[in-house]
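Reviewing the structure listed below.
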Amino acid sequence: MTPIEPKKKIESFQDLVVWQKSMDLVIECYQLVQRLPPNEQYGLASQIRRAAVSIPANIAEGFGRWHSKEFVHFLLIANGSLKELETHLLIGKRLGFFTSPDLAKQQVWPKKSAACWRPFERN
């Protein structure tokens with residue numbers, strides 16, 4: 001029987017796994033948009049970067065609020081940004097800029113993060 005490790009106290013938004021994973025997603029998206037043609041750098045590339053950056057930024061901002069209700073509100077905004085990012089990536093795929101293998105990591109992330117958002121979903 002393996003001993004159960006004590007849970008680390010969350011003292012900062014940087015301790016949140018969902019924030020850490022969303023930061024990784026930002027890096028992946030920045031690397032991905034470098035493949036876009038120059039004429040898309042101020043269009044689709046900008047939208048992808050903006051939506052990706054918004055996810056960890058909203059998680060951090062919500063963590064810094066005084067009330068848990070506000071934190072939940074910002075988590076929901078972050079989840080909306082995740083859906084927006086997913087849409088921009090699918091648009092890029094439909095336009096022929098990305099292939100399914102290109103988007104493999106980014107498409108898995110929303111599914112993996114669903115457990116993080118589930119407690120805050122509307123009934």
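The values are calculated or read from the model by the stated rules, or taken from the named source; none is laboratory data. What you see is a predicted model, and the numbers here were worked out from it, not measured in a lab. Here the Cβ positions follow ideal geometry from the backbone for every residue, glycine too, while neighbour counts run over all protein chains shown.
Residues are listed down the side, and each one gets a yes or a no for (1) in contact (Cβ under 8 Å) with a residue 24 or more places away in the chain; (2) more than 21 Å from ASP102 (Cβ to Cβ); (3) not in a helix (DSSP H, G or I):
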position: GLU28; (1), (2), (3): yes, no, no
position: LEU32; (1), (2), (3): yes, no, no
position: ARG35; (1), (2), (3): yes, no, yes
position: ALA45; (1), (2), (3): no, no, no
position: ARG49; (1), (2), (3): no, no, no
position: ALA52; (1), (2), (3): yes, no, no
position: PRO56; (1), (2), (3): yes, yes, no
position: GLU70; (1), (2), (3): no, yes, no
position: LEU75; (1), (2), (3): yes, yes, no
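For the list (1) over 15 Å from the mean Cα position of the chain (by Cα); (2) part of a helix (DSSP H, G or I), I need the number of the one condition that LYS21 fails.
In the conditions (1) over 15 Å from the mean Cα position of the chain (by Cα); (2) part of a helix (DSSP H, G or I), LYS21 misses (1) alone.
Look through PRO101, PRO119 and report the one residue that is at pLDDT below 90, surrounded by fewer than 12 Cβ atoms within 10 Å (Cβ to Cβ) and either part of a helix (DSSP H, G or I) or under 11 Å from the mean Cα position of the chain (by Cα) (or both).
Numbers: PRO101 fails: either part of a helix (DSSP H, G or I) or under 11 Å from the mean Cα position of the chain (by Cα) (or both).
The unique qualifying residue is PRO119.
Of everything in segment 76-97 that's among the small types (Gly, Ala, Ser) and over 12 Å from ASN58 (Cβ atoms), which residue is surrounded by the most Cβ atoms within 10 Å (Cβ to Cβ)? Please lay out each step first, then the result.
At the first step, the residues of segment 76-97 found to be among the small types (Gly, Ala, Ser) are 78, 80-81, 92, 96.
If we keep only those that are over 12 Å from ASN58 (Cβ atoms) too, we end up with 92, 96.
Numbers: GLY92: 23, GLY96: 7.
Step by step, filter segment 76-97, then rank; the result is GLY92.
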